[in-house]
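The values are calculated or read from the model by the stated rules, or taken from the named source; none is laboratory data. Not measured: the values here are computed from a predicted model. Don't worry about glycine lacking a Cβ; one is built from the backbone with ideal geometry, like all the others, and counts go over all protein chains shown. SASA here: full protein model, heavy atoms, side chains in, ligands and nucleic acids out. Shrake-Rupley method; radii C 1.70, N 1.55, O 1.52, S 1.80 Å.
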Amino acid sequence: MKSLWNILLATTLSLLLPLHTLASPASDDQPSTGHSKGHTCVACVVVVSVIEQLAQVHNSTVEASMERLCSYLPEKLFLKTTCYLVIRMFGPDLIKLLSANINADVVCHTLEFCKQDPGQPLCHLYPLPKEPWKFTLEKARQIVKKSPILKHSRSSSDICSLPFLAKICQRIKSTIQNSVPFKDVDSDKHSIFPTLRGYHWRGRDCNDSNRMAYPGRRPDNWDIHEDSNCNGIWGVDPKDGIPYEKKFCEGSQPRGIILLGDSAGAHFHISPEWITASQMSLKSFIDLPVALTNELDWPQLSGVTGFLDSISGIKENSVYLRLRKRNHCNHRDYQNISRNGGSSQNLEKFLETLSRNQLLDHPAIVIYAMIGNDVCNGKVDPIPEMTTPEKLYSSIMQTLKYLNSHLPNGSHVILYGLPDGTFLWDNLHNRYYPLGQLNKDVTYAHFYSFLNCLQVSPCHSWMSSNKTLRTLTSERAKQLSDTLKKIAASQKFTNFDLLYVDFDFQEVTEEWRKQGGQPWQLIEPVDGFHPNEVASQLLADSFWKKVQLQWPQVLGKENPFNSQIEQVFGDQGG
């Protein structure tokens, strides 16, 4: 994690973080030296490519394009300051190398951010130079042979040791490791601060000095004097003396929504504008500080717990917003307990961050959706690292027992199956990657190969030209889904009923086609792996319809007092 954040902040771009957290199981684990080198290489190639392409797009010098990139970055988190520091260190060498028409791969090998170990293949994103690689590399090294920068080891630099970055680094590292709000005065696992695992992830606290006031609890004395469950409904109706909470919510079966997921559930997203020179402007990086302090996840827009209106332009809403629309007493009762790199095998490390009191809180709908990392990793041979059905069974049973001891009676747990990830290669491999769109020189096939070569791919087995490997991965995913289905059909628990839903991406694809879209438009363009916001909302719509049809009791009934709640309390505190 240390080297990861050094590179991330030093380059001021954010491709590095997701690559690490996806490829590594459990984001608080330390990456291996090999993986760390791989992330460094990817970050270098991306940033050098952006600088080179900015010069091309604006017909400017390399020096001007570096200045332009830094000027686009916000002052928050010292991103602009850090960018200028990096330029001061590496700018002179970049100017010399890029001015000699040396591409990003060669530049990064010359500056030793990328390195070909003995006996290992040469990893490159762009087509190889026409001249032999060794000759090209030596020619580039001669250009910068007197550079003082080359005397310093890349691995020894620690950008987080800079005084103005030390505190920021520590906050982000601590939040990633603990998966609970960084700012939480009363330690009830809810916050009044949006990021750093705050209310973008869990319902916003309404009283951060009272740990007995938080979203999802049953009202304390019908909330006559104050709002104890943060749903914005409290006080007494002066017309009849009846507490509003009692009048509007009693018998309405309030419930919360909790997601146990991975980076897909957290809605991992890198804006294409961050790495696409032709789209880059002063507005491109406005949300970068928020993204960095949310681990490059956007749970506030996710398909399960998102509470903001979709920015994708489609009409579908998250599961939480549908529950809230159905019953306004559910306001703010959501928890996104997801983690980049999460899987059945490391869920126990952050499952305990779930906040639910069996005696004091309302029941909850818990969705278990570890949809990728049990079959995905970045190893050269990924199959031995995949979770077996036996291991999955054991870990799921452990998770369910934990939930049974923490969830209020009347809750529901829904196990989500795994997708068929052959969709990725089939729909993306021959399309141009964002860094390859300007000069038509890098496809997703090239991008996947580059990540696989460096062993930092989020999913070597599906993001691969090897059809046999892709097929074997889908077969294992189906075996794991079948295991989840069997558990749901055979196991009984006292505090919740257990259900299973298939991850039917084909159904979502067909629905998107009906709306005039193309399948490739459902995948995040920068990582080429995650479902994007449109896909997440369509998946939520599919999930809602299935549950409503098969198990309507899970969703609760519509509250007839919703309109009166709106009249009295408006947006219920937002």
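Points worth noting:
- Thr387 fulfils the conditions (1) β-branched (Val, Ile, Thr); (2) closer than 21 Å to Val508 by Cβ; (3) assigned to a loop (DSSP other than H, G, I, E, B) except for a single criterion, (2).
- Verdict on Glu558 being in a helix (DSSP H, G or I), over 30 Å from Tyr444 (Cα atoms), open to solvent by 10 Å² or more (accessible area, probe 1.4 Å) and acidic (Asp, Glu): no
- Residue in segment 454-461 that is out of contact with any Phe, Trp or Tyr (no Cβ under 9 Å at 6 or more places or on another chain) and part of a helix (DSSP H, G or I) present: yes
- Note on segment 165-199: residues that are in contact with a Lys or Arg (Cβ under 7 Å, 6 or more places away or on another chain) and in contact (Cβ under 8 Å) with a residue 40 or more places away in the chain total 7.
- Helices (runs of 4 or more DSSP H) within segment 38-130 that include 2 or more residues of a type in the set (Gly, Ala, Ser): 62-72, 79-99
- Residue within segment 455-475 that is closer than 30 Å to Met280 by Cβ, charged (D, E, K, R) and out of contact with any helix residue (DSSP H, G or I) (no Cβ under 7 Å at 6 or more places or on another chain) present: no
- Extreme residue, nearest to Phe350 (Cα to Cα), among residues of segment 406-430 that are without any contact (Cβ under 8 Å) to a residue 60 or more places away in the chain and not in a helix (DSSP H, G or I): His406
- In segment 102-111 there is no residue matching the filter, namely being farther than 16 Å from Met280 by Cα, out of contact with any Ser or Thr (no Cβ under 8 Å at 6 or more places or on another chain) and open to solvent by 60 Å² or more (accessible area, probe 1.4 Å).
- Residues that are farther than 30 Å from Gln253 by Cβ and either touching a helix residue (DSSP H, G or I) at 6+ places or on another chain (Cβ under 7 Å) or open to solvent by 40 Å² or more (accessible area, probe 1.4 Å) (or both), drawn from segment 363-387: Asp374, Val375, Asn377, Gly378, Lys379, Val380, Asp381, Ile383, Pro384, Glu385, Met386, Thr387
- Among the criteria (1) closer than 23 Å to Ile258 by Cβ; (2) surrounded by fewer than 18 Cβ atoms within 10 Å (Cβ to Cβ); (3) not acidic (Asp, Glu), the one Thr471 does not fulfil is (1).
- In segment 336-353, residue most open to solvent (accessible area, probe 1.4 Å) [restricted to those that are under 18 Å from the mean Cα position of the chain (by Cα), closer than 20 Å to Ser405 by Cα and of a type outside the set (S, T, N, Q)]: Lys349
- Test result for Arg356, at positive phi and open to solvent by 10 Å² or more (accessible area, probe 1.4 Å): no
- Every condition in (1) open to solvent by less than 10 Å² (accessible area, probe 1.4 Å); (2) farther than 20 Å from Ile367 by Cβ; (3) in contact (Cβ under 8 Å) with a residue 40 or more places away in the chain holds for His267 except the one numbered (2).
- Set side by side, the residues Ala488, Ala540, Ala477, Ala535 differ, and just one is among the small types (Gly, Ala, Ser), surrounded by 15 or more Cβ atoms within 10 Å (Cβ to Cβ) and either in a strand (DSSP E or B) or touching a strand residue (DSSP E or B) at 6+ places or on another chain (Cβ under 6 Å) (or both), which is Ala488.
- Of Val319, Val290, all but one fail to be open to solvent by 40 Å² or more (accessible area, probe 1.4 Å), of a type in the set (Val, Ile, Thr) and modelled with pLDDT of 95 or more; the exception is Val290.
- Single match in Phe505, Phe496 (criterion: under 20 Å from the mean Cα position of the chain (by Cα) and either assigned by the TED database to the domain that holds Gln300 or more than 30 Å from Tyr444 (Cβ to Cβ) (or both)): Phe505
- Evaluation of Lys349 against the conditions (1) in contact with a strand residue (DSSP E or B) (Cβ under 9 Å, 6 or more places away or on another chain); (2) modelled with pLDDT under 95 shows that the sole unmet condition is (1).
- Selected residue (criterion: nearest to Ile168 (Cα to Cα)) from residues of segment 195-242 that are among the hydrophobic types (A, V, I, L, M, F, W, C) and open to solvent by 20 Å² or more (accessible area, probe 1.4 Å): Cys206
- Annotation: Leu454 fulfils all but one of (1) under 30 Å from Glu52 (Cβ atoms); (2) open to solvent by 70 Å² or more (accessible area, probe 1.4 Å); the unmet one is (2).
- Filtered residues of segment 257-289 (kept if farther than 26 Å from Arg217 by Cα and either basic (Lys, Arg) or out of contact with any helix residue (DSSP H, G or I) (no Cβ under 9 Å at 6 or more places or on another chain) (or both)): Lys283, Ile286, Asp287
- From the options Gly261, Gly303, Gly313, residue that is closer than 20 Å to Lys189 by Cβ and either at pLDDT 95 or above or more than 17 Å from the chain's Cα centre (by Cα) (or both): Gly261
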